[in-house]
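What follows is a set of notes on a single structure, which appears directly below.
The values are calculated or read from the model by the stated rules, or taken from the named source; none is laboratory data. Just so you know, these numbers come straight off a predicted model, no measurement behind them. Here the Cβ is made from the backbone with ideal geometry for all residues, glycine too, and neighbour counts use every protein chain on show.
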Amino acid sequence: MSAVSGLLAPRTAAIAMAVLLLLVLPLWVGNAYYVNIASQILFFAVFALALNVLVGYGGLTSLGHAGLFAMAGYTAALLLARGHGHLVADTAALLVTVATAAVYAVLSLRATGIGFLMITLAIGQILWGIAYRWASLTNGDNGVNVSSRPMPFGLDLSGADGFYYLCLVVFLACVGSMAVVVRSPFGASLRGTRDQERRMAALGYDVWLIRFWAFLLSGFWSGVAGLLFLYYNQFISPQVVALTTSAEALLMVIAGGTATLLGPIVGAALVVIMKNVVSAYIVRWNMVLGIIFILIVSFMPEGLVPGSARLWAWARHRLRHGKPKPAAPGPVAAPPASGGKEGVR
Amino acid sequence: MPRVTRRAVLAGTAAGTAAAVIGMPAIAQATPFKIGLLTVKTGPLAQGGIQMEQGIMTLLKQRGSTFAGRKVELVSADTGGNPAGAKTKASELIERDNVDVILGPLAAFELLALNDYIRQKGTPLMSLAAAEDVTQRQTNPFIMRPSATSAQCCHVLGDYAAKELKYRRAATISEDFAFGYEQMSGFQRVFEDGGGKVVKKLWPPLVTPDYTPYIAQIGNVDCVANGFAGSNPVKFMRAYADLGMKRIPLLAGWTAMDDALLKSLGDEAVGVVSAAWYSASLDSPVNKQFVADMAKDHNVLPGGYSAGMYIAGQVVEAALQKTGGKSDDKKAFNEALRGVSLQDTPRGPVKFDKYGNVVGDVHIRRCERKGGQLVNTIVKTYPDVSQFWTYGDQAFLANPVYSRDYPPAKNLE
C-alpha cells in the first residue's frame, strides 16, 4: 500500500480506488435492485454535474434543466416509437437537446441571478406544458414506452449489470471531460465571469459567449443523462419534465457542493438513496430529506463535500495542536455559489 | 487496472442464483407467500394509496395472514405517485424482496410505465389503475385489473342516462388527462348510441383552484356527466351547488362519487346519480363484514380503492387454493390467477376476460341522506359488465383507444 501511495499522488490513488470500487460494485452488492439504484445514482450524477457547470462554475442558477433532460428522453423515445434505430434516435436526441439549450441560453442569458432563474423556470414550464398537453405528439399523460434498450457492439444491456456498466462508462466520460473543461482556460474564464463579470468584460472576454458555450455544454450532458434515464426506465412521461425534477437536480448540486466535481455526485447519491431506499423504511422520507437539507444548509452551507473537507481539516488541526484554530467550524470562505454577485459593480 | 468483464459478472450472478435455487426446494412450502403492494403514501395521490393499503390489510387480518394454508407477508412500497418511482419500487419488490404477486399501482401513468417491465419479469400484477390499453390493445399476459377500465362504468352511466332517465342533451366535465378522456368518451359513445347528444365537453386542468368558469360554460343541457377523481369531486360538487346548478342533474363516474368521499360531502351531493363497480351499501354478507371491519380497524367507510385491493387479495387467495399453496411456478400461478372466478366478493361476482380485465356488476346509485348520513343507494344493477360493453372485443379493439378526440364529438354546440 505504501509503495502505491509513494508512487502515486494521494489524489490519483483515491480516484483509482474509487473507480475500482465502482467497477466491482455489481459483484459485491449482488442484488439487481441495488445495482439499479447504483445506475440511477450514476445518471443523476451526470445530470447534476451538467447543471453544476452553470450553477457552480458559471454562477447561473437554472430551474429549467428538467426541460433539457426530458427533451433528450422524449426525442429519442418518440423517434424509437416511430421505428427509427437507437443510433439515429440518440444522435438526434442529443442534437435537439443542444439546440434547445441554445434557445434556453439565448432567451435566459439576458439576465443573471433571479432573472435568469425565472426565465429558465418559465421555459422549463413551457416544455412541461407541451409534453403534457400536445397529446397527439407526446401521448400526453400516458407517456411513451421504449420497448428495448440498445445493444452497442452486441453487448446486452437489458440486465441490471450490463446497464450499470453503460452508466459507469458514460459517467466516467462525463466526469473526465468535465474535469478537463473545468481546468481549461475556458473553465477559468467561466469562473471569471461568475466572480468578476465586469472585469472579465473589461479584459476583453465576451462574457455572453462564454456563458452561451457553458450552457450548450450543460445541455449536452443533461441530454446524455436524460437518455440514460430514458433507457433505464424505458418510459417517459410529463412528470419527468415537471419542476420537481429541476428542483431535485438543483438540490443535488447545492447539497453536495457547487463548483466541485465530487459535490454533485455525492448530492445525487444522497437524493437517490433517500428517495428509493430510505423510503422503503420511513414513510415520511420527504421530511427526513428536508431535515437533512436544513442541517446541510445550517452547518455546511457550502455543501457536503467542501463542508466535510473543512470540518476534517479543522479536526485534524485540533488533534495535532490540541486547541481549536481561531477560525472555529463556521464556513470560512464558502465559494460564491449561485449568483456570485459580490463582484465589483 | 483489473478489468471486470461482463462474463465474470454474469458468472458470479449465475453462481449466486444457482446457490439460491439449490437451497429453495427444502423450504419452498415454509416460505411465506409475498404480496408486494405498490401504493402511494406521499404527495397528492396519497389518500387513495392509503385506502388501498387498508383494503388489503383488512383481508389479511380476516384470514389471519394465511391463504390456502400458507403464511402471507405484505411488503408495501411508496411510489410517490410518479412513473419513475413506480418503476424503481417495482424493481425493489421483484428483485430484492422476491414477491410472488404485485398489487397496485394506483395511477394510470404508473401502470403504463411498468407495462414492459412486468412483461419482461413475468411477476403477476393486479392494478386498480384504469389505463385502458393495458387490458386492450397493449394487453399484457401478467397484468390483471379487478376494478374497472376507465370507461367500464361510464358506458353503463351513458346507457342509464339515455334509456332510463331519458336525457337527450348532456355536457361532460372531467380532468384534462387520460383517465378523464377515457371515461367521458365511454359515456359519450353509449349515450349517443342510445339517442342522446353530448353538446359540450369541458376539460379543466388537474389542479383547478376554481371550477366556476367551467361550470358557467355548461349551458342548456338535461344533465352533466363528471369524471373527477381524487379530492376534485368534492371541490367540483360544492362549486356546482353554490352556483345554483343543482336544477341540472349531475351524473358521476366511480371516482367522482366514491363512497370514501361521502364523509367529505354535504347536501351538494344529494341526488347525484353515479355508476360504480363497488358500493359500500351492497347488501351481501361478505361486503357487510368488509364494511364493518374497515370501520372497526380504520374508522372509514370503504370505497373502490379499498374494495379493489380487498378483492385483488381474494383473487390471489383463490389462485393459491387452486395451486395448493404453490407459487414457485410463476407461469402456472399466473394462469391460476387469470382463471379465478369468485362469487363472494364485496362487489359481487368476479371473473376475468382473456385480456385480464374484470367482468362484474356495475351499480347505478343515487346519493341520499339516510338518518343524517349520506348513502349511495343502489337503484339498478347491470350484471356482468365487460370492458367492451356490448360492442364485442373484436369490434371494440378495431378502434383507437378512447381519447380527447376519439370518438369524435359530432354534436358539440
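Some notes on this structure:
- Only one entry in A:VAL272, A:VAL283 is surrounded by fewer than 21 Cβ atoms within 10 Å (Cβ to Cβ) and within 11 Å of chain B (Cβ to nearest Cβ), namely A:VAL283.
- For first residues located in the range A:9-28 and touching a residue at least 12 places away in the same chain (Cβ under 8 Å), partners that are surrounded by 13 or more Cβ atoms within 10 Å (Cβ to Cβ) and lie 6+ apart or on another chain with Cβ distances below 6 Å form the pairs A:LEU22/A:LEU168; A:LEU23/B:VAL4; A:LEU25/A:ALA38; A:PRO26/A:VAL35; A:PRO26/A:ASP161; A:PRO26/A:TYR164; A:PRO26/B:VAL9.
- Just one of the listed residues (A:ALA77, A:ALA66, A:ALA81, A:ALA135) is under 29 Å from B:PRO205 (Cα atoms), touching a Lys or Arg at 6+ places or on another chain (Cβ under 8 Å), aliphatic (A, V, I, L, M) and within 14 Å of chain B (Cβ to nearest Cβ), namely A:ALA135.
Here is a yes/no grid of residues against (1) closer than 21 Å to A:VAL88 by Cβ; (2) at pLDDT below 95:
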| site | (1), (2) |
| --- | --- |
| A:PHE153 | yes, yes |
| A:GLY159 | no, yes |
| A:PHE171 | no, no |
| A:VAL182 | no, yes |
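Listed here are the residues, each with its yes/no results for (1) among the hydrophobic types (A, V, I, L, M, F, W, C); (2) closer than 26 Å to A:GLY124 by Cα.
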site	(1), (2)
A:ALA255	yes, yes
A:LEU262	yes, no
A:ALA268	yes, yes
A:ILE291	yes, no
A:LEU295	yes, no
A:PRO306	no, no
A:ARG310	no, no
A:ALA313	yes, no
A:LEU319	yes, no
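- Some residue of the range B:374-383 being within 14 Å of chain A (Cβ to nearest Cβ) and either touching a Ser or Thr at 6+ places or on another chain (Cβ under 9 Å) or within 24 Å of B:PRO146 (Cα to Cα) (or both): no
- Some residue of the range B:261-278 being farther than 20 Å from B:SER147 by Cβ and among the aromatic types (Phe, Trp, Tyr): no
- Of the helices (runs of 4 or more DSSP H) that lie entirely inside the range A:227-313, those containing 2 or more residues that are of a type in the set (S, T, N, Q) span A:243-256, A:285-299.
- Which listed residue, of B:ALA269, B:ALA275, B:ALA292, is surrounded by fewer than 21 Cβ atoms within 10 Å (Cβ to Cβ) and either in contact with a Cys (Cβ under 8 Å, 6 or more places away or on another chain) or farther than 27 Å from B:GLY158 by Cα (or both): B:ALA292
- Some residue of the range A:253-270 being in contact with a Pro (Cβ under 6 Å, 6 or more places away or on another chain), closer than 30 Å to A:THR138 by Cβ and among the aliphatic types (A, V, I, L, M): yes
- Selection status of B:GLY194, under 14 Å from B:TRP389 (Cα atoms), in contact with a Lys or Arg (Cβ under 8 Å, 6 or more places away or on another chain) and not aliphatic (A, V, I, L, M): yes
- Checked against (1) within 26 Å of B:LYS351 (Cα to Cα); (2) polar (S, T, N, Q); (3) out of contact with any strand residue (DSSP E or B) (no Cβ under 9 Å at 6 or more places or on another chain), B:ASN82 passes all but condition (1).
- Unmet requirement for A:GLY124, which otherwise passes all of (1) in contact (Cβ under 8 Å) with a residue 60 or more places away in the chain; (2) within 12 Å of chain B (Cβ to nearest Cβ); (3) closer than 22 Å to A:VAL241 by Cβ: (2)
- One residue stands out in the range B:299-330 among those that are in contact with a Gly (Cβ under 7 Å, 6 or more places away or on another chain) and part of a helix (DSSP H, G or I): the one that is surrounded by the fewest Cβ atoms within 10 Å (Cβ to Cβ), namely B:LYS330.
- Residue match in the range B:150-161 (condition: away from chain A (no Cβ under 14 Å), assigned to a loop (DSSP other than H, G, I, E, B), in contact with a helix residue (DSSP H, G or I) (Cβ under 9 Å, 6 or more places away or on another chain) and modelled with pLDDT of 95 or more): no
- In the range B:64-117, the residues that are more than 13 Å from chain A (Cβ to nearest Cβ) and more than 17 Å from B:LEU128 (Cβ to Cβ): B:GLY64, B:SER65, B:THR66, B:PHE67, B:ALA68, B:GLY69, B:ARG70, B:LYS71, B:VAL72, B:GLU73, B:ASP100
- Residue check for A:SER177: more than 8 Å from chain B (Cβ to nearest Cβ) and more than 25 Å from A:LEU21 (Cα to Cα): no
- Restricting the range A:232-247 to residues that are more than 11 Å from every other protein chain (Cβ to nearest Cβ) and surrounded by fewer than 24 Cβ atoms within 10 Å (Cβ to Cβ) leaves a set whose member that is nearest to A:ILE123 (Cα to Cα) is A:LEU243.
- For the range B:121-133, a residue qualifies if it is at pLDDT 90 or above and either under 14 Å from A:ASN276 (Cβ atoms) or not in a strand (DSSP E or B) (or both), and the qualifying residues are B:LYS121, B:GLY122, B:THR123, B:PRO124, B:SER127, B:LEU128, B:ALA129, B:GLU132, B:ASP133.
- When residues of the range B:380-390 are limited to those that are touching a residue at least 60 places away in the same chain (Cβ under 8 Å) and part of a strand (DSSP E or B), the one surrounded by the fewest Cβ atoms within 10 Å (Cβ to Cβ): B:LYS380
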